[in-house]
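Worksheet: the structure to be examined is printed underneath.
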Amino acid sequence: MEYNTIIDKKSVSQQIIDLILQEIIEGRLKLGDRILNEREFAAELGVSRVPLREAISALSLLGILTPKQGEGTFVTNFNSERFSKIIFANVKLQNISQQDIFDVRKDFECSAAKYAAKRATKEDIKKIKHYYDLHKKTIDQYLSGEGNLLSVTKADMQFHDAIASAANNEFFKQFVDALHYSIKYMHSIYKNKKDELNIFSTHHKKILDAIEEGNPDLAHKNMSEHLNTIVF
């Protein structure tokens, strides 16, 4: 593979990162491919090994590249959890509001429910049912004084994550995962809604039923109605 890009002396490691990402985007580097070894790559780019190592290290942290001792560095599956953390950190740094996040969440979650109703397998349905039951159980425990709000929030996210997975679109799922990570700490959603927790569970059941019935429009409608009850 030849690299004709001229790397200048400013932010060299960042330019190398951009170059490698572009190679992946344009299909010249594919999953499982081994990139040039450090000496060859540095010579090809006309840079020292230091910024190259920095770039490879950064992409390795994201899970895009994986160095293997004695074998080289390979293109690997993207680490979506780490990507979600980066998105969440940026949300915090820019003081993006919960409402802004939820506005985007509504569109994606409703679409997730719609696609899940079209594409969910028996195993997908089983998983959604499991987290529906778990969410209902955590609500009962919380209302009886035996549980806590964190468990309710976690089970709620797991239910919605299962629906996103059931849409069977990996790109879509990774984006929804990032959204969910950005709201997973927002326990304030429930703090003043103790009396409405069982209503949320009822909404979940309607969403689950529509997905199990294979009714995309109803699944979309039920998810929309559910999310519209969450007001800040």
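For the chain, modelled as a GNM with alpha-carbon contacts under 10 angstrom, which of Gly147, Gly214, Gly27 fluctuates the most? Highest fluctuation among the options: Gly27.
Note on Leu45, Leu134: ascending count of other Cβ atoms within 10 Å places them as Leu134, Leu45, the fewest first. Remark on Leu65: its backbone amide H falls under 5 Å from those of Ser60, Thr76, a criterion applied only to residues 5 or more positions apart or on other chains, H modelled at 1.01 Å from N. Taken one residue at a time, the phi angles of the stretch 98-113 give Karplus couplings (6.51, -1.76, 1.60, θ = phi - 60°) of 4, 5, 4, 5, 5, 4, 6, 4, 4, 4, 6, 5, 5, 5, 4, 5 Hz. Gly and Pro are set to x. Taking amide H atoms as placed 1.01 Å from N in the peptide plane, the amide H of Leu29 lies under 5 Å from those of Ile24, each 5 or more residues away in sequence or on another chain. What is the magnitude of the charge dipole of the chain about its Cα centre, with +1 placed on the Cβ of each Lys and Arg, -1 on the Cβ of each Asp and Glu, and no other charges, expressed in debye to the nearest 20? About 420 debye. With only Cα atoms counted, the stretch 81-228 has Rg and Dmax values of 14.7, 42 Å.
3J(HN,Hα) couplings calculated from phi for the stretch 23-37 with the Karplus curve 6.51 cos²θ - 1.76 cosθ + 1.60 (θ = phi - 60°) are, in sequence order, 4, 5, 4, 8, x, 7, 10, 10, 3, x, 5, 9, 7, 4, 5 Hz; Gly and Pro show x. Comparing mean-square fluctuations of Ala112, Ala120, Ala164 from a GNM of the chain with C-alpha springs under 10 Å, the top value falls on Ala120. In plain terms, the residue of Leu62, Leu197 with the fewest other Cβ atoms within 10 Å comes first and the most crowded comes last, giving Leu62, Leu197.
Taking Glu212, Glu170, Glu23 in turn, the Gaussian network model of the chain (Cα-Cα springs below 10 Å) assigns the largest fluctuation to Glu23.
Computed extension length for Asp18-Phe78: 20.1 nm, one decimal, from 0.36 nm per residue of separation with the Cα-Cα distance subtracted. When you filter the GluC sites (Glu not before Pro) in the stretch 38-86 for DSSP loop state and at most 14 other Cβ atoms inside 10 Å of their Cβ, you are left with Glu71.
Among Val104, Val75, sorting on how many other beta-carbon atoms sit within 10 Å of each Cβ, with the fewest leading, yields Val104, Val75.
FYI, it's all coordinate maths here, none of it is from the lab. On a predicted model such as this, the values are computed, not experimentally measured, just so you know. Glycine also receives a Cβ, built like all others from the backbone with ideal geometry; neighbour counts cover every protein chain displayed.
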